[in-house]
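The values are calculated or read from the model by the stated rules, or taken from the named source; none is laboratory data. No experiment lies behind these values; they were computed from the predicted model shown. Note that we place each Cβ from the backbone using ideal geometry, even for glycine, and neighbour counts take in every protein chain shown. Protein only, heavy atoms only, side chains kept; ligands, DNA and RNA dropped before computing areas. Shrake-Rupley method; radii C 1.70, N 1.55, O 1.52, S 1.80 Å.
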Amino acid sequence: MANLEESTITERKKLLLEKILIIPELKTFFEFCSSKDFDINLSTSLLKKLAQLSLNPQTILALILYVICQKEEDLTKKLKIFFECKNNEIFLDGVNLYRRLIKVTQFNERPKNKKQIELTLRMFLTVLSDVQLLTVFLVLQLQKLEDIDSIYSKQNEDKAWVALNIYAPLAGRLGIFWIKSELEDCAFRHLEYENYQDLKKKIARKQSSRSESVHKIISKIKTILKKAGIEHEVYGRYKRFYSIFQKLEKVENDFERIQDLIAFRIVVNKVDDCYAALSFIHETWTPLKKRFKDYIVKPKSNGYQSLHTTVTDVFENSFDHSKPIEIQIRTHKMHRIAEYGVAAHWIYKEKQKNIKKNDSVKIEKTLQEKNNSKNFNETIPIIDLFSENIYVMTPTKEIRELPNDATPIDFAYVIHTDVGNKTTGVKVNGNIIRLDGELKSGDVLEVLTSPRQEPKKEWLEFANTRHARSKIKHALHEQNRDDSRKKGLVILEKEFRDHGLNLNRLIREGKMEHLSRHHKNQEFEHLLFCIGEGTIRIEEVLSWFLKNQKTFFEINSQEEKKIVKKESSPKVKKTIYSSSSNLILVDGLKNVMTRIARCCSPSKKQRIKGYITKEKIVTVHREMCPFLKKLKPERIIEVNWL
């Protein structure tokens, strides 16, 4: 770092140009930045990490823009000349990738639970949605983590926690294990500083005591493979600090019980050489049962391929050699994939229950295409196992998962049914949009509500989730039910008032509730709804209060029987009487058999209508009688009081 501090800004830019900007199309942009004295503050450490990656021009540009402008509103002002150039497609593509990087910077808060952690991972994958862009983002996060000071602060602790629980698993899903390991170790150092230092000392002592045996094992492997005529490279390395720390938790923190601190790696040219080398290793040393795994025939879900075996060596009665020796055998191509990942983000070392069978076919196909590809500038889209969903956030940064065709009204009902019912509008990234507007992963949504708002029928036209549609339909049904209940109450009040009954008093005394349950086995509120809907006739309810009188139906039945009896008797003269004490003209005729309807009991001051029954009797109703409206209109005639 001393050399870096002594170097000038110009030297830093030159170093960046030499190591990264090897694409001719980007030189113009870089020279423009240099002429405007932009400080592209990339450290040697970051340059070293990025130099390991084969990045396309658009991704490199997005990286530089991200370093130059941490806020998107500054971008147009500083680089107006490039936005005005219509033919600069690389620049515009780079700006789109840059905007994705800016968008994901709002996710750096610590999730509250495991579900939110998983949703955060999915959101990163769907927003960035490109392997190269994701890799650059992870490198930037690793550099930020390395640059923070070792002084404890809540902010630094949160950054380390996010790196360990989100960024490292994300790198694992991409299969970029060198980034994953670096993130884990760096976060471990900040979160568990004392444990980190203690483990570091123990490993250093172990390295000192076992260095000779490690060299012997490497030398022996080389000798075996050389005699077999297999071209090879052999490495011996200690496992990462965080990986060892996790093993300690399984052996009750007894460091001496961890036997596989060192892993030996053999890299050969061909797949056949992998199995040949394995054969010679097993002939020389004793393989341990259940410790052999063939990831070449059956690769891991992220494309990782290798042969894993664990052997023991007891020759020369050496204690060191009697301990297990873990050996990995792979080709150079497999080694590159293991270190730098492949064009996919499927799950690695995690149990997922909902992965579809056809996803594995797509993964294998894309993996094969990537392995056969020779164009490192090719954009590598992610095979998204979550492509059917989008991931949006509340203002408090809580992530919610929705179908990709979800609208703002769907989001409102995901928050809460009451929120959805009272929604008047939704802000997306600070701007109010229509309730049927489009949502994208990474959007921040705020629901606007009003206590006077009610769900509308037209919401069903753009509510796409089953949950939202169900809640809207239920609310509309309740609205209709309430309207019918109010209508039933108005009808009942008027009829009771006309018959000298005080409905409000009967309700207060509990009589309406009691009689509703007694006669109809239902609550009074539901009775009102049925009256409003017309499924219960008002005269039936009134009959409950007609003291010392028979019901409407019983009276009708008895009168009809009397009429039939009179008509069937030959000795009785057919004399027609009115059942009312008042004389009534029926279509201008007198002495027509009539009867007063018990459902409305019209008085002489009220306008009336007649209804001809099957027995040729005219039943007299009030003109506005609700029951009369339900009868056949062709049987209704004009009647008047005399």
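SER213 falls short of the stated requirement of being over 30 Å from GLN143 (Cβ atoms), without any contact (Cβ under 8 Å) to a residue 24 or more places away in the chain and open to solvent by less than 60 Å² (accessible area, probe 1.4 Å). Among the candidates LEU501, LEU492, LEU528, the residue that is closer than 28 Å to SER601 by Cβ, touching a residue at least 40 places away in the same chain (Cβ under 8 Å) and assigned to a loop (DSSP other than H, G, I, E, B) is uniquely LEU501. Of all residues in the range 468-512, those satisfying the criterion of being in contact with a Leu (Cβ under 9 Å, 6 or more places away or on another chain) and charged (D, E, K, R) are ARG469, LYS473, ARG485, LYS486, LYS487, GLU493, GLU495, ARG497.
Report yes if some residue within the range 106-128 is among the aliphatic types (A, V, I, L, M), touching a Ser or Thr at 6+ places or on another chain (Cβ under 7 Å), closer than 18 Å to LYS440 by Cα and part of a helix (DSSP H, G or I); otherwise report no. Yes, there is a match, as at least one residue in the range 106-128 is among the aliphatic types (A, V, I, L, M), touching a Ser or Thr at 6+ places or on another chain (Cβ under 7 Å), closer than 18 Å to LYS440 by Cα and part of a helix (DSSP H, G or I). Contact list please: Cβ distance under 7 Å, first residue in the range 185-196 and acidic (Asp, Glu), second residue modelled with pLDDT under 85 and surrounded by fewer than 19 Cβ atoms within 10 Å (Cβ to Cβ), pairs at least six apart or on different chains. Listed by first residue and then by second, the contacts come to ASP185/ARG240.
Inspect the range 172-187 for any residue being surrounded by fewer than 15 Cβ atoms within 10 Å (Cβ to Cβ) and assigned to a helix (DSSP H, G or I) and give the result as yes or no. Checking the range 172-187: not a single residue is surrounded by fewer than 15 Cβ atoms within 10 Å (Cβ to Cβ) and assigned to a helix (DSSP H, G or I). Please verify whether GLU192 is at pLDDT 85 or above and open to solvent by 40 Å² or more (accessible area, probe 1.4 Å), treating the condition exactly as stated. Criteria met by GLU192.
For the range 216-258, the tally of residues that are assigned to a helix (DSSP H, G or I) and open to solvent by 50 Å² or more (accessible area, probe 1.4 Å) stands at 13.
Filtering the range 275-296 to residues that are open to solvent by less than 40 Å² (accessible area, probe 1.4 Å) and in contact with a helix residue (DSSP H, G or I) (Cβ under 8 Å, 6 or more places away or on another chain) leaves ALA277, ILE281, ILE296.
Per-residue answers, yes or no, for (1) touching a helix residue (DSSP H, G or I) at 6+ places or on another chain (Cβ under 8 Å); (2) surrounded by fewer than 18 Cβ atoms within 10 Å (Cβ to Cβ); (3) at pLDDT below 60; (4) small (Gly, Ala, Ser):
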{"residue": "THR551", "(1), (2), (3), (4)": "yes, yes, yes, no"}
{"residue": "ASN582", "(1), (2), (3), (4)": "no, yes, yes, no"}
{"residue": "ARG598", "(1), (2), (3), (4)": "yes, no, no, no"}
{"residue": "ILE617", "(1), (2), (3), (4)": "yes, no, no, no"}
{"residue": "GLU623", "(1), (2), (3), (4)": "no, yes, no, no"}
